[in-house]
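Peer 1: Just passing along the structure, written as structure tokens.
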Amino acid sequence: MSTTEKMTLNMGPQHPSTHGVLRLVLELDGEVITKITPDIGYLHRGVEKLSEYRTYHQVLPLTDRLDYLAPMSNNLGYILAVEKLLNIDVPERAQTIRIIMTELTRLQSHLVWLACHALDIGAMTVFIYAFREREVIMEIYEMISGARMTSNFFRAGGLSMDVPPEFEPKVRKFVQDMPGYLDQYEGLLTTNPIWLKRTVGNGVISAEDAIDYGITGPALRGSGVNWDLRRDIPYAGYENYSFEVPVGENCDTYDRYKVRLVEMREACKIVNQALERLKPGPVLADAPQIVYPPKESVYNSIEGLIHHFKIASEGYPVPEGEVYQGVEAPKGELGYFIVSDGSSKPYRMRIRPPSFVNLQAIEKMSKGSMVADLVAVIGTLDIVLGEIDR
Amino acid sequence: MADNNRAAARLKEQFPSSILDITEFRGETAVTVLSRDILEILLFLKKSLRYEMLTDLTAIDYMGKKEERFMVVYQLTSISCKERVRIKVPVAEDDCTIRSATAIWQTANWLEREVYDLFGINFENHPDLQRILMTPDWEGHPLRKDYPLQGPDREPYKGRLS
């Protein structure tokens, strides 16, 4: 008589399809997964602790290192929370540029997701295609902020600087071309029998379970829940834009793929609407207590120099209180909960990372499936360890 | 005002003796309640007021600033009514225990583990209460205000020298 025994398999932290330093301890019965124990924290840098020792201005560069595939979405969530505490309004032009950049960020993040997800389950060509388009967005990033990933571009009250004149034509051309590129990806994947076999019916999670696990973003919409913060609890002027919120039906990996592709098309539409609204004007609020003075004044007058020095060295006091600001980041709801004690440093800053909460459902989604299908589930959850571990 | 908020008004009716404070700031409502009835209140919010999703669960360390040192904070979202509410629960340092919300939301599992890991607050009846971000043999709870920024065995940070 033969006996069977359960096997423990270690996956990661150095494993190309765990998308970073995620370690999963799998318990296997043959090739079927019976238990998954995720082990996280390899990238823990203590961002929440660090931010208690920095002024509000100095915290900003920490935020774009959380989800490093969507830096401007992280910047936006933090800046909106600070602006809510300060209770200041942002000029129209700054708000429009913020929308353009966060939607390009969504495209960028989804392109990396598509590239890696497809590569993980064997479709290498898509990887090369998606990174070709991502490069254009990286060039736009570099053009306006000087950095390809760590943008650090938004400021409380507006933007760090206005965009150069070549920004608008470059973005316009990109969003014109992008739907054609999306057709190319779809031509490679949407009806591809191998792709369908790997994704349809894999990683199923029902709408009730998805809400119970707190899943947000495309993963929640793929399970048929019509919920998008940009439309339902609008922020940063999203209430003035019209766009569709795609919803899946079968709650599986394939539906989440389709939801994200429609989201990319909708992001192009939002950028187009924003470009129509882009009019010349100031990009910083008229709030000298908070906003840095213009460089001409810093270099040419002693008052300007002192003004700059005061904000740079002491920061600005923020009214006492606590606010929570959630934004629809590419991966789900990214929330910043800031408690201010009236000083120029946050008393407590909590980051609610979408990937951390979404990853928790991985056991629910892939218990009872094959090891190879787990790779597809990691891909479809679209996690980034930088924001899980913080 | 704060009383106009649906959740705040209903909670006041239902649990008059456990509500400590209701505040509104920048359009957000926060209800401070006693830890005694926390699960009943959360369940009431989920079942009767349709706050289906636990968006976030975290804690604040008010060392030396408030009578009860810790504050556990729940951010709830109602998908059907497009609303949010914040529930806050003071937790004393010497007891440092609160009942776990894992029976109500699966989300609470990892979020409570994180609060346990970084603040050292215990969650009663949690199925798997162990550290999540720090290593299992780590000593201390990094997000407490008396935990030094540079770590326990190093020179304290003296600010920038320049």
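Peer 1: Before we move on, is residue A:183 on the phi < 0 side of the Ramachandran plot, within 14 Å of another protein chain (Cβ to nearest Cβ) and acidic (Asp, Glu)?
Peer 2: On the way: on the phi < 0 side of the Ramachandran plot: yes; within 14 Å of another protein chain (Cβ to nearest Cβ): no; acidic (Asp, Glu): yes.
So residue A:183 fails the test.
Peer 1: Would you check which residues across segment B:26-43 are away from every other protein chain (no Cβ under 14 Å) and aliphatic (A, V, I, L, M) and list them? Show your work before the answer.
Peer 2: Filtering segment B:26-43 down to residues away from every other protein chain (no Cβ under 14 Å) leaves B:33-41.
Scanning segment B:26-43 gives B:33, B:34, B:38, B:39, B:41.
Peer 1: Name the residue that is surrounded by the most Cβ atoms within 10 Å (Cβ to Cβ), counting only residues in segment B:61-73 that are within 17 Å of residue B:29 (Cα to Cα) and within 11 Å of chain A (Cβ to nearest Cβ). Quick ask: steps written out before the conclusion?
Peer 2: Step one: list which residues in segment B:61-73 are within 17 Å of residue B:29 (Cα to Cα), which gives B:71-73.
So of that shortlist, the ones also within 11 Å of chain A (Cβ to nearest Cβ) come out as B:71, B:73.
On the way: B:71: 19, B:73: 23.
By that ranking, first place goes to B:73.
Peer 1: Against the condition closer than 22 Å to residue A:369 by Cα and buried (at least 17 other Cβ atoms within 10 Å of the Cβ), how does residue A:202 come out, does it pass?
Peer 2: Answer is yes for this residue.
Peer 1: Of a type in the set (Asp, Glu) and more than 30 Å from residue A:162 (Cβ to Cβ): is that true of residue A:52 in this structure?
Peer 2: Yes: the conditions hold for residue A:52.
Peer 1: So residue A:327 clears everything in (1) in contact (Cβ under 8 Å) with a residue 24 or more places away in the chain; (2) out of contact with any Gly (no Cβ under 6 Å at 6 or more places or on another chain) except one condition, right? Which one?
Peer 2: Every listed condition holds for residue A:327 apart from (2).
Peer 1: All but one of (1) part of a loop (DSSP other than H, G, I, E, B); (2) free of Cβ contacts under 8 Å to residues at least 40 places away in the same chain; (3) away from every other protein chain (no Cβ under 14 Å) hold for residue B:10, so report the exception by its number.
Peer 2: Here residue B:10 meets the rest and fails (1).
Peer 1: On the basis of being farther than 25 Å from residue B:36 by Cβ and either at pLDDT 90 or above or surrounded by fewer than 20 Cβ atoms within 10 Å (Cβ to Cβ) (or both), does residue B:116 make the cut?
Peer 2: Details: farther than 25 Å from residue B:36 by Cβ: no; either at pLDDT 90 or above or surrounded by fewer than 20 Cβ atoms within 10 Å (Cβ to Cβ) (or both): yes.
No; evaluated as a whole, the condition is false for this residue.
Peer 1: Here is a list: B:136, B:142, B:90. Which entry is at the interface with chain A (Cβ under 9 Å from one of its Cβ atoms) and either under 22 Å from residue A:38 (Cα atoms) or touching a residue at least 40 places away in the same chain (Cβ under 8 Å) (or both)?
Peer 2: Working: B:136 fails: at the interface with chain A (Cβ under 9 Å from one of its Cβ atoms); B:90 fails: at the interface with chain A (Cβ under 9 Å from one of its Cβ atoms).
Exactly one residue qualifies, and that residue is B:142.
Peer 1: Follow-up. Just need a number here: residues in segment B:13-38 that are in contact with a strand residue (DSSP E or B) (Cβ under 9 Å, 6 or more places away or on another chain) and outside any loop (DSSP other than H, G, I, E, B).
Peer 2: Number of matching residues: 15.
Peer 1: Within the bounds of segment A:118-128, is there any residue that is more than 14 Å from chain B (Cβ to nearest Cβ) and touching a Cys at 6+ places or on another chain (Cβ under 6 Å)?
Peer 2: First, pick out the residues of segment A:118-128 that are more than 14 Å from chain B (Cβ to nearest Cβ): A:118-128.
If we keep only those that are touching a Cys at 6+ places or on another chain (Cβ under 6 Å) as well, we get none.
No, segment A:118-128 contains no residue that is more than 14 Å from chain B (Cβ to nearest Cβ) and touching a Cys at 6+ places or on another chain (Cβ under 6 Å).
Peer 1: Within 13 Å of chain B (Cβ to nearest Cβ), part of a loop (DSSP other than H, G, I, E, B), more than 17 Å from residue A:230 (Cβ to Cβ) and not β-branched (Val, Ile, Thr): is that true of residue A:45 in this structure? Before you say what the answer is, go through the steps one by one.
Peer 2: Details: within 13 Å of chain B (Cβ to nearest Cβ): yes; part of a loop (DSSP other than H, G, I, E, B): yes; more than 17 Å from residue A:230 (Cβ to Cβ): yes; not β-branched (Val, Ile, Thr): yes.
So residue A:45 passes the test.
Peer 1: Another question, if that's okay. Looking at residue A:320, is it of a type in the set (Asp, Glu), over 17 Å from the mean Cα position of the chain (by Cα) and facing chain B (nearest Cβ under 10 Å)?
Peer 2: Working: of a type in the set (Asp, Glu): yes; over 17 Å from the mean Cα position of the chain (by Cα): yes; facing chain B (nearest Cβ under 10 Å): yes.
Yes.
Peer 1: Would you confirm, using the coordinates I've provided, whether residue A:111 is out of contact with any strand residue (DSSP E or B) (no Cβ under 9 Å at 6 or more places or on another chain), within 18 Å of residue A:270 (Cβ to Cβ), crowded, with 24+ Cβ neighbours inside 10 Å and more than 14 Å from chain B (Cβ to nearest Cβ)?
Peer 2: Values: out of contact with any strand residue (DSSP E or B) (no Cβ under 9 Å at 6 or more places or on another chain): yes; within 18 Å of residue A:270 (Cβ to Cβ): yes; crowded, with 24+ Cβ neighbours inside 10 Å: yes; more than 14 Å from chain B (Cβ to nearest Cβ): yes.
The answer is yes for residue A:111.
Peer 1: Another one. Mind checking whether some residue in segment A:127-134 is of a type in the set (Val, Ile, Thr) and without any contact (Cβ under 8 Å) to a residue 24 or more places away in the chain? Show your work before the answer.
Peer 2: Of all residues in segment A:127-134, those of a type in the set (Val, Ile, Thr) come to A:128.
Filter once more, so that each one left must be without any contact (Cβ under 8 Å) to a residue 24 or more places away in the chain: A:128.
Yes, the conditions are met somewhere in segment A:127-134.
To keep it simple, each residue is scored yes or no on (1) closer than 24 Å to residue A:275 by Cβ; (2) in contact with a helix residue (DSSP H, G or I) (Cβ under 8 Å, 6 or more places away or on another chain); (3) at pLDDT 90 or above.
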{"position": "A:59", "(1), (2), (3)": "no, yes, yes"}
{"position": "A:76", "(1), (2), (3)": "yes, yes, yes"}
{"position": "A:83", "(1), (2), (3)": "yes, no, yes"}
{"position": "A:90", "(1), (2), (3)": "yes, yes, yes"}
{"position": "A:94", "(1), (2), (3)": "yes, no, yes"}
{"position": "A:100", "(1), (2), (3)": "yes, yes, yes"}
{"position": "A:103", "(1), (2), (3)": "yes, yes, yes"}
{"position": "A:115", "(1), (2), (3)": "no, yes, yes"}
{"position": "A:120", "(1), (2), (3)": "no, yes, no"}
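Peer 1: Now for a separate question. Restricting attention to segment A:337-379, report how many residues are modelled with pLDDT under 90, closer than 23 Å to residue A:107 by Cα and in contact with a Pro (Cβ under 9 Å, 6 or more places away or on another chain).
Peer 2: Number of matching residues: 0.
Peer 1: Hey, residue A:341 hits all of (1) without any contact (Cβ under 8 Å) to a residue 60 or more places away in the chain; (2) within 28 Å of residue B:61 (Cα to Cα); (3) in contact with a Ser or Thr (Cβ under 9 Å, 6 or more places away or on another chain) but one; which does it fall short on?
Peer 2: (3)
Peer 1: Within segment A:205-259, restricting attention to residues that are over 19 Å from residue A:359 (Cα atoms) and basic (Lys, Arg), which residue is nearest to the other protein chains (Cβ to nearest Cβ)?
Peer 2: Per the stated criteria, the residue is A:231.
Peer 1: Evaluate segment B:119-127: report whether one residue or more is away from chain A (no Cβ under 13 Å), more than 23 Å from residue A:41 (Cα to Cα) and in a loop (DSSP other than H, G, I, E, B).
Peer 2: Narrowing segment B:119-127 to residues away from chain A (no Cβ under 13 Å): B:120-126.
Now restrict to residues that are more than 23 Å from residue A:41 (Cα to Cα): B:124-125.
Filter again for in a loop (DSSP other than H, G, I, E, B), leaving B:125.
Looking for residues that are away from chain A (no Cβ under 13 Å), more than 23 Å from residue A:41 (Cα to Cα) and in a loop (DSSP other than H, G, I, E, B), one finds at least one in segment B:119-127, hence yes.
Peer 1: Conditions: (1) touching a Cys at 6+ places or on another chain (Cβ under 9 Å); (2) within 11 Å of another protein chain (Cβ to nearest Cβ). Residue A:19 meets all but one. Number of the miss?
Peer 2: Result: residue A:19 fails condition (2) only.
Peer 1: What about residue A:388, is it buried (at least 24 other Cβ atoms within 10 Å of the Cβ), among the β-branched types (Val, Ile, Thr) and within 13 Å of chain B (Cβ to nearest Cβ)? Give the steps one after another, and end with the answer.
Peer 2: Numbers: buried (at least 24 other Cβ atoms within 10 Å of the Cβ): yes; among the β-branched types (Val, Ile, Thr): yes; within 13 Å of chain B (Cβ to nearest Cβ): yes.
Criteria met by residue A:388.
The values are calculated or read from the model by the stated rules, or taken from the named source; none is laboratory data. Just so we're clear, the structure is a prediction, and the values are computed from it rather than from any experiment. Using ideal geometry, Cβ is built from the backbone for each residue, glycine included, and neighbour counts are taken over all protein chains shown.
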